[in-house]
Amino acid sequence: MSKAMNKHLPAALFTAISGLVLAGWAAVFAAGPAIAQSGEPIKIGFSMALTGGLAPNGKSALLAQKIWEEDVNGKGGLLGRPVKLVYYDDKSAPAEVPAIYTKLLDIDKVDLIIGPYATAMIAPAMPIVIQRKKTFVALLGLAVNSEFDYPNYFAMIPSGPDAKPAFTKGFYDIAMAQEPKPQTVAIVSADQEFSRNAADGSRENAKKAGLKIVYDRNYPPATTDYAPIVRAIAAANPDLVNINSYPPDSVGMIRAVNEIGFKPKMIGGGMVGLQATAIKTQLGPLLNGFINYDFWLPVPKMNFPGVMNLIERYQARAAAEGVDALGYYMAPFGYAQLQVLQQAVAATNSLDDAKLSDYIRANSFSTVVGDVKFGAKGEWAQSRVLQIQFQNVKGNDVGQFKNVSTQVVVSPAEYESGKVIYPYEKAK
C-alpha cells in the first residue's frame, strides 16, 4: 500500500491534481458530460481495490455491485436504458485514484460516478469530484467530508453525523458499563487517513468517559513486526486498548497480543479486516475476546427487506468469483450504495448531478441495509455502528462464522444479540 497521506491531504491533493493530473488529461481530452444517446447504457464509473491490502473487501463489494447491475438490467434498466458498471483497480493505493476518475470522466465519458471503497481511496478522488460538481456516493469512508465540506457527497457508512467518535462509541459505552469501571486506555493507530480519523474520535470518547490516556501513538503503514508495539502498550498497563488498523496490521496486532499473552480488560474497537471471512478463518480462536466494529450481521434484528436474498445469491457465487465466502461486511453496503443512486435517478427521471444531489439530500432510501437518510456533510442522519465480540471460536472452520453466535452483537442495545464477556481474559 502506498505511504500514508498526511493530515494536510486535501490542500496537497488540490495542488497536485491541478498541476499534474488535470493539466495532463484535460489538455488532451475535453472535459464535460457524456452526450446521452437513446439505447446506449447508462455508464456508472468508479475505482475499486481489487489488488493490494484492501482487495479482500474491495472484491467482495464488487460482486454485490455486479449483482445490482444484473438486477436492474433484468427489470428493464434505468430510464429505459441498460446500466453498465465501468471500473478500474486502484490497487489499494491512494495515488492511483485521481487518474482513474479523470479517465472515467474524460475518456470513458461515464454518465455518473460513485465512490471507491475505503477512506484512503475516497479522499484523493474528492478534488476531481468537486471540480466537476458530480454527485458522489462513497463506500465506507470515515469522515472524508469533514475537511472538504462538499454538499454533493454522501457516505454509505453507518457512522452518522458525528462520524469520528461514532466508530468507537459503542466500545467505550460497553467498557464504562462494567464494574469496577476502567480507568485508563491506550490508543494505537496506523498512520493512515481512516485510522487517524478513528483515533481522533476515540480520544473524544475517552475524554467524555473520564479515562486517562496512558499510550497514544501511530505506527507506519509498512510495519511488519507488531510485538514491540504491543510490548510498549503492555508496559503502560492500560485497562482498555483501542486499536485502529487496516487488514494486514489487524492480523499482526492480534497475533502479537496472543503471542505475548497481553490481557487488558478490553481490546479492539476499530480494526479493519476482522470482518473478512478469510481473516477470521486464518486467526480462528486467536480472535476470542476481541471487541470490534462491524456494520451488518445476519442477526434477527437486522433482517432488512431483501438483504438475505442478496446474501444467498452472493454466497452461491463467492467461490467461483474468488471473493469473501460470506459477504456480510461489504456486500450489503456495496449493493445499497447503488440502490441510493438508482432510486434518485428513477425519482428525478434524470442523470443531472445537481438534481440527483438535491434529491438525495432531501429524501430517505429503502435499501438492503435498512432505511437510509443522509444528514450533515453527507453522513447518515443517524449512527448505527455495531460493536461485536468474538466468542467461542474453535479451530479455523469457515462454517462457524455463518453461525453468528461466534460474533455477538454487544452494542447498540437495539441490535444486541448477546452479552459481552468481560474482562477479555474470560473470553479466551
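The values are calculated or read from the model by the stated rules, or taken from the named source; none is laboratory data. Only a predicted model underlies this, so the values are computations on that prediction, with no experimental measurement involved. Here Cβ is always computed from backbone atoms with ideal geometry, including for glycine, and neighbour counts include all displayed protein chains.
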Exactly one condition in (1) over 23 Å from Ala427 (Cα atoms); (2) modelled with pLDDT under 95 is false for Gly273; which is it? (1)
When Leu139 is evaluated against the numbered criteria (1) over 13 Å from the mean Cα position of the chain (by Cα); (2) over 27 Å from Val241 (Cβ atoms), which criterion, by number, is the only one it fails? (1)
Among the residues of the stretch 372-382, write down those that are surrounded by fewer than 22 Cβ atoms within 10 Å (Cβ to Cβ) and in a loop (DSSP other than H, G, I, E, B). Gly375, Ala381, Gln382
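Look through Val404, Val398 and report the one residue that is modelled with pLDDT under 95, touching a strand residue (DSSP E or B) at 6+ places or on another chain (Cβ under 9 Å), closer than 28 Å to Gly270 by Cα and not charged (D, E, K, R).
Unique residue meeting the criteria: Val404.
Give the residues of the stretch 93-148 that are of a type in the set (D, E, K, R) and within 26 Å of Trp380 (Cβ to Cβ), sorted by residue number.
Listed by number, the residues that qualify are Asp111, Arg132, Lys133, Lys134, Glu147.
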Quick check on the stretch 179-202. Is at least one of its residues among the β-branched types (Val, Ile, Thr) and either touching a Pro at 6+ places or on another chain (Cβ under 7 Å) or not in a strand (DSSP E or B) (or both)? yes
All but one of (1) buried (at least 20 other Cβ atoms within 10 Å of the Cβ); (2) more than 18 Å from the chain's Cα centre (by Cα); (3) assigned by TED's automatic domain parsing to the domain that holds Pro221; (4) of a type outside the set (Phe, Trp, Tyr) hold for Val345; which doesn't? (3)
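Quick grid of which residues meet (1) surrounded by fewer than 19 Cβ atoms within 10 Å (Cβ to Cβ); (2) out of contact with any helix residue (DSSP H, G or I) (no Cβ under 7 Å at 6 or more places or on another chain); (3) modelled with pLDDT of 95 or more:
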{"site": "Val340", "(1), (2), (3)": "no, no, yes"}
{"site": "Asn349", "(1), (2), (3)": "yes, yes, yes"}
{"site": "Asp352", "(1), (2), (3)": "yes, yes, yes"}
{"site": "Asp358", "(1), (2), (3)": "yes, yes, yes"}
{"site": "Ser366", "(1), (2), (3)": "yes, yes, yes"}
{"site": "Gly370", "(1), (2), (3)": "yes, yes, yes"}
{"site": "Arg384", "(1), (2), (3)": "no, yes, yes"}
{"site": "Phe390", "(1), (2), (3)": "no, no, yes"}
{"site": "Val420", "(1), (2), (3)": "no, no, yes"}
Residue, farthest from the chain's Cα centre (by Cα), within the stretch 142-178, restricted to residues that are aromatic (Phe, Trp, Tyr) and not in a loop (DSSP other than H, G, I, E, B): Tyr172
Wholly enclosed helices (runs of 4 or more DSSP H) of the stretch 262-354 bearing at least 3 residues more than 25 Å from Ser189 (Cβ to Cβ): 307-321, 331-348
Please verify whether the stretch 306-322 includes one or more residues that are farther than 25 Å from Gly418 by Cβ, at pLDDT 95 or above and basic (Lys, Arg). yes
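So for the stretch 34-42 (the condition being of a type in the set (Asp, Glu) and under 19 Å from Asp352 (Cα atoms)), does at least one residue qualify?
yes
Identify all residues within the stretch 87-126 that are part of a helix (DSSP H, G or I), of a type in the set (A, V, I, L, M, F, W, C) and at pLDDT 95 or above; write none if there are none.
Those that are part of a helix (DSSP H, G or I), of a type in the set (A, V, I, L, M, F, W, C) and at pLDDT 95 or above: Ala95, Val97, Ala99, Ile100, Leu104, Leu105, Met121, Ile122, Ala123, Ala125, Met126.
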